[in-house]
Amino acid sequence: MTLRQHAGSVNGPTTAQRLRRAANLLNGSTLAGLAVALAARTRISRGPRGLIIAAGYRWRLPFAGAYTLGNVVLCRSTAADLLSRPALLGHEERHCSQYAWCLGLPFIPLYLAAAGWSVLRTGNPGTANIFERRAGLAAGGYPLRAARQP
């Protein structure tokens with residue numbers, strides 16, 4: 001099985017996935033993701049469901065093992081490793097949809113505000129973050145409950 005077949009791109013994206021891809025192209029978030037991927041010298045490949053995978057991301061920030069900019073999923077691992085983790089890929093794909101709903105790059109300050117609120121409430125940037133909760137906390141590697149010490 002080839003990487004392309006494993007990625008699920010043989011059947012192509014659905015109408016909703018094509019609309020998300022078009023929205024993120026038009027709102028500039030995917031172009032920003034590609035610019036970061038190129039600047040970070042990642043290995044860019046097509047992913048499933050209209051996603052673009054930028055593997056081998058080595059910049060210090062953000063700390064996450066994977067994150068999205070538009071329809072670009074930047075990950076520290078290889079593309080094959082990310083594709084072997086469907087829960088994490090699905091989590092990142094939901095963030096791609098959030099970019100479309102937030103009209104692109106406004107997602108970033110909204111996400112940062114939600115992460116700050118989550119840190120204040122739980123001590124963790126994801127646990128009470130509305131964007132992470134809707135993307136799936138466990139799939140993104142976030143604790144489901146606050147672990148804040150008194």
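The values are calculated or read from the model by the stated rules, or taken from the named source; none is laboratory data. Quantities reported herein were computed from a predicted structural model and do not represent experimental measurements. Virtual Cβ from ideal backbone geometry, glycine too; neighbours counted across all protein chains shown. In case anyone asks, the SASA skips ligands and DNA or RNA and just uses the protein heavy atoms, side chains included. Shrake-Rupley method; radii C 1.70, N 1.55, O 1.52, S 1.80 Å.
Taking the conditions exactly as written (within 12 Å of the chain's Cα centre (by Cα), in contact (Cβ under 8 Å) with a residue 24 or more places away in the chain and closer than 18 Å to Pro143 by Cα), does Tyr99 satisfy them or not? Answer is no for this residue. Whether any residue in region 41-51 is touching a strand residue (DSSP E or B) at 6+ places or on another chain (Cβ under 9 Å), modelled with pLDDT of 95 or more and among the hydrophobic types (A, V, I, L, M, F, W, C) is what I want to check. Scanning region 41-51 turns up at least one residue that is touching a strand residue (DSSP E or B) at 6+ places or on another chain (Cβ under 9 Å), modelled with pLDDT of 95 or more and among the hydrophobic types (A, V, I, L, M, F, W, C).
In region 15-55, the qualifying residues are those that are more than 19 Å from Gly90 (Cα to Cα) and crowded, with 22+ Cβ neighbours inside 10 Å, and the one that is farthest from the chain's Cα centre (by Cα) is Thr42.
Given the residues Leu103, Leu144, Leu61, which is the only one that is within 21 Å of Ala16 (Cβ to Cβ), open to solvent by 60 Å² or more (accessible area, probe 1.4 Å) and not in a helix (DSSP H, G or I)? It is Leu103. Within region 11-41, the residues that satisfy the criterion of being hydroxyl-bearing (Ser, Thr, Tyr) and over 14 Å from Leu74 (Cβ atoms) are Thr14, Thr15.
Entry remark, region 116-130: residues being closer than 20 Å to Leu88 by Cα and surrounded by fewer than 19 Cβ atoms within 10 Å (Cβ to Cβ) number 1 in total. If I filter region 80-90 for residues that are open to solvent by less than 10 Å² (accessible area, probe 1.4 Å), free of Cβ contacts under 8 Å to residues at least 40 places away in the same chain and either more than 22 Å from Asn27 (Cβ to Cβ) or assigned to a strand (DSSP E or B) (or both), do I get at least one hit? For region 80-90, residues open to solvent by less than 10 Å² (accessible area, probe 1.4 Å), free of Cβ contacts under 8 Å to residues at least 40 places away in the same chain and either more than 22 Å from Asn27 (Cβ to Cβ) or assigned to a strand (DSSP E or B) (or both): present.
The set of residues in region 65-79 that are open to solvent by 20 Å² or more (accessible area, probe 1.4 Å), of a type in the set (Gly, Ala, Ser) and free of Cβ contacts under 8 Å to residues at least 40 places away in the same chain contains only Ser77.
Residue-by-condition table, conditions (1) at positive phi; (2) without any contact (Cβ under 8 Å) to a residue 12 or more places away in the chain; (3) assigned to a helix (DSSP H, G or I); (4) of a type outside the set (S, T, N, Q):
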{"residue": "Leu110", "(1), (2), (3), (4)": "no, no, yes, yes"}
{"residue": "Leu120", "(1), (2), (3), (4)": "no, yes, yes, yes"}
{"residue": "Gly126", "(1), (2), (3), (4)": "no, no, no, yes"}
{"residue": "Leu137", "(1), (2), (3), (4)": "no, yes, no, yes"}
